[in-house]
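K.L.:
For reference, the structure I am asking about is given below.
The values are calculated or read from the model by the stated rules, or taken from the named source; none is laboratory data. All values derive from a computational prediction rather than experimental measurement. Reconstructed Cβ throughout: ideal geometry from the backbone, glycine too, with neighbour counts over all protein chains shown. Please note that ligands, DNA and RNA were not included when accessible areas were found on the heavy atoms of the full protein model with its side chains. Shrake-Rupley method; radii C 1.70, N 1.55, O 1.52, S 1.80 Å.
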Amino acid sequence: MEAIMFFLKFTQEKFASDILAGRLYMKNVKYFREIEKINCDTVRGDKKEALIVFPKGTKLLIGDDKTEVKGIQEISFKFNFTDNIPIYCMTYVNHKNLVKYEENNDCIIYKIDESFLYSLFDGFGDTAVLIQSKPFVNRFKSYFENHGYKFRASLVTYIDMETQFDEYHDTYFEQQFRMFFYKDKRYAYQQEYRIVVIDNVPEYKIYDIGDISDISKVCKKEELLDLQIIVRKHT
């Protein structure tokens, strides 16, 4: 796994206090599928979330006589249980997203790459919450383990769903939990880290992991352009 420096959770200003309070508001997979199909939201939504979608040109042969079904535009299928699985999404920032801004005898100052930030500004809220990665991971893991939830948290792997179909197909059936951590490469700019809980959530659910204000900072998303990461040198 890549070394994560910190997480960014984009939201609306009115919801920032809930994030600081540690209330993880998690929508289900069905929601993310439908907001692309219904609202044409291709930033937050993905109509192919946790689906198997066969490559274009795949033939469907039905019955003992293998009759080919004509007029097919797309073939996809899913497990019903995936509809109500809740997901929490964040962007992770690592060393690859930093550029050197200034250096002196005492320290090196970095900023977050502007092109990376601008790619994230459209389609999300006006506010960003910076969250220290390690303590946050420790806290939500402790919460889910103590409350008996099965869960998984990981970086999302981005692949070409057409040319790398076999890889995803095998994962879908052999490691069902892992299916939630594959997305098409067109979403790669989001650098997503997600938490997935094996739960039955018809619409949404709030998991209260406890206050995280001591490891978080709220700012307007444009203020991230001025954020400085200061690395002290050995003396």
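K.L.:
Can you spot a residue in segment 85-101 that is within 30 Å of LYS14 (Cβ to Cβ), of a type in the set (Phe, Trp, Tyr) and modelled with pLDDT under 95?
P.N.:
no
K.L.:
Can I ask one more? Considering TYR31, TYR25, which residue is surrounded by fewer than 17 Cβ atoms within 10 Å (Cβ to Cβ) and modelled with pLDDT of 75 or more?
P.N.:
From the options TYR31, TYR25, the qualifying one is TYR25.
K.L.:
Being among the hydroxyl-bearing types (Ser, Thr, Tyr), out of contact with any Phe, Trp or Tyr (no Cβ under 7 Å at 6 or more places or on another chain) and open to solvent by 80 Å² or more (accessible area, probe 1.4 Å) is the filter here; which residues of segment 201-235 pass it?
P.N.:
The answer is THR235, and nothing else.
K.L.:
Any residue in segment 201-219 that is within 23 Å of SER17 (Cα to Cα), modelled with pLDDT of 95 or more, touching a strand residue (DSSP E or B) at 6+ places or on another chain (Cβ under 6 Å) and of a type in the set (Gly, Ala, Ser)?
P.N.:
Yes: segment 201-219 contains one or more residues that are within 23 Å of SER17 (Cα to Cα), modelled with pLDDT of 95 or more, touching a strand residue (DSSP E or B) at 6+ places or on another chain (Cβ under 6 Å) and of a type in the set (Gly, Ala, Ser).
K.L.:
Filter segment 53-84 down to residues that are loosely packed, with under 11 Cβ neighbours inside 10 Å and either at pLDDT 90 or above or part of a strand (DSSP E or B) (or both), then give me how many there are.
P.N.:
Counting residues in segment 53-84 that are loosely packed, with under 11 Cβ neighbours inside 10 Å and either at pLDDT 90 or above or part of a strand (DSSP E or B) (or both) gives 6.
K.L.:
For segment 177-195, how many residues are within 24 Å of THR127 (Cβ to Cβ), touching a helix residue (DSSP H, G or I) at 6+ places or on another chain (Cβ under 8 Å) and in a strand (DSSP E or B)?
P.N.:
2
K.L.:
Step by step: first the residues of segment 1-22, then only those that are in a loop (DSSP other than H, G, I, E, B) and under 21 Å from VAL218 (Cβ atoms), then the one that is modelled with the lowest pLDDT. Which residue is that?
P.N.:
Result: ILE4.
K.L.:
In segment 182-235, which residues are charged (D, E, K, R) and touching a Gly at 6+ places or on another chain (Cβ under 9 Å)?
P.N.:
ASP208, ASP211, LYS221 - these are the residues of segment 182-235 that are charged (D, E, K, R) and touching a Gly at 6+ places or on another chain (Cβ under 9 Å).
K.L.:
Which fully enclosed strands (runs of 3 or more DSSP E) of segment 123-164 have 2 or more residues being under 17 Å from ILE19 (Cβ atoms) and either in contact with a Ser or Thr (Cβ under 8 Å, 6 or more places away or on another chain) or open to solvent by 30 Å² or more (accessible area, probe 1.4 Å) (or both)?
P.N.:
Numbers: elements: 127-132, 151-155, 157-159.
Output list reads 127-132.
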